[in-house]
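Engineer: Handing you a structure now.
The values are calculated or read from the model by the stated rules, or taken from the named source; none is laboratory data. Nothing here was measured: the structure is a model prediction, and the numbers come from that model. Methodologically, a virtual Cβ is constructed for each residue, glycine included, from the backbone with ideal geometry; neighbour enumeration extends over all protein chains shown. Note: accessible area is taken over every heavy atom of the protein model, side chains too, but ligands, DNA and RNA are not part of it. Shrake-Rupley method; radii C 1.70, N 1.55, O 1.52, S 1.80 Å.
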Amino acid sequence: QVQLVESGGGLVQPGGSLRLSCAASGSMYFIYAMGWHRQAPGKQRELVAVLDNGGSSNYADSVKGRFTITRDGAQNTVNLQMNNLKSDDTAVYYCFARTAVVNWGQGTQVTVSS
């Protein structure tokens with residue numbers, strides 16, 4: 001089992017930046033990909049970005065060119081650098097780690113508003 005703890009959410013103005021981090025602990029040996037989903041009020045949860053152990057990444061079309069996902073050298077932290085934020089990026093962001101199952105963090109709120 002993998003435990004995930006997110007940090008870095010908050011309130012930012014349109015055009016601003018935030019950096020989300022997610023620290024994994026537990027059975028990290030079995031993790032083969034980590035990433036982020038988000039869920040806005042009244043909408044379904046959607047994939048934002050994912051990065052696998054081979055270094056391949058995938059992004060939602062709505063965030064390409066603005067968001068960057070990275071993992072640290074020890075592979076136990078995944079980060080999401082979010083630039084040029086828009087009001088549509090407002091959501092709860094959930095970190096996930098894929099093993100034989102999908103493990104989820106508790107979520108962190110990102111609000112983009114002037």
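Engineer: Mind checking the dipole of region 1-72: about its Cα centre, +1 per Lys or Arg Cβ, -1 per Asp or Glu Cβ, Debye to the nearest 20? Please list the in-between numbers first.
Structural biologist: Values: 7 positive and 5 negative charges, 40 e Å.
For this selection, approximately 200 debye.
Engineer: Simple spin-label model, 7 Å along Cα-to-Cβ: Asp88 to Asp72 in nm?
Structural biologist: Each label point is offset 7 Å from its Cα along the Cβ direction, giving 3.3 nm.
Engineer: Pairs of Cα atoms under 8 Å, at least six residues apart: use those to get the relative contact order of region 23-70, whole percent. Could the numbers behind the result be given before it?
Structural biologist: Values: 48 pairs, mean separation 13.1, N = 48.
Normalised by residue count, the contact order of region 23-70 is 27 percent.
Engineer: Right, here's the next one. Counting only other residues whose beta carbon sits under 14 Å from that of Tyr32, what net charge do I get with K and R as +1, D and E as -1? If you can, show how the numbers build up before the last one.
Structural biologist: Details: positive: Arg71, Arg98; negative: Asp52.
Here the charged neighbours net out to +1.
Engineer: So, one more: Over what distance in Å are the Cα centres of region 82-114 and region 1-26 separated?
Structural biologist: Between the Cα centres of region 82-114 and region 1-26 lies a distance of 7 Å.
Engineer: Sort 91-104, 40-53, 15-28 by the packing proxy (mean of other Cβ within 10 Å over each peptide's residues), most packed first. Kindly include the intermediate steps, with their values, before the conclusion.
Structural biologist: Values: 91-104: 18.0, 40-53: 14.0, 15-28: 16.4.
The densest-packed peptide leads the list: 91-104, 15-28, 40-53.
Engineer: Got a sec? Charge dipole of region 1-75, +1 on Cβ for Lys and Arg, -1 for Asp and Glu; which of Met34, Ile69, Gly9 is way out at the positive end?
Structural biologist: Gly9
Engineer: Let me know the whole percent of all Cα-Cα pairs from region 1-59 that are separated by more than 20 Å. Don't jump to the answer; show the numbers that get you there.
Structural biologist: On the way: 662 of 1711 pairs.
Considering region 1-59, 39 percent of its Cα-Cα pairs are separated by more than 20 Å.
Engineer: Per residue, how many Å² of accessible area does the chain show with a 1.4 Å probe? Please report the intermediate quantities before stating the final value.
Structural biologist: Working: 5900 Å² over 114 residues.
For the chain, the solvent-accessible area averages 52 Å² per residue.
Engineer: Moving on. Counting pairs of alpha carbon atoms under 8 Å apart in space and at least six apart in sequence, what relative contact order in percent does the chain give?
Structural biologist: On the way: 274 pairs, mean separation 43.2, N = 114.
After rounding, I find 38 percent.
Engineer: Near Gly16, within a Cβ-to-Cβ distance under 12 Å, what is the net charge of the other residues, with Lys and Arg +1 and Asp and Glu -1? Can you show the working numbers first?
Structural biologist: On the way: positive: Arg19, Arg66, Lys86; negative: Asp89.
Overall, the nearby charge balance is +2.
Engineer: With a 1.4 Å probe and all protein chains left in place, how much of the accessible area of region 20-114 comes from carbon and sulfur atoms, in whole percent? Intermediate values should be presented prior to the final figure.
Structural biologist: Details: 2270 of 4750 Å².
The value for region 20-114 is 48 percent carbon and sulfur by accessible area.
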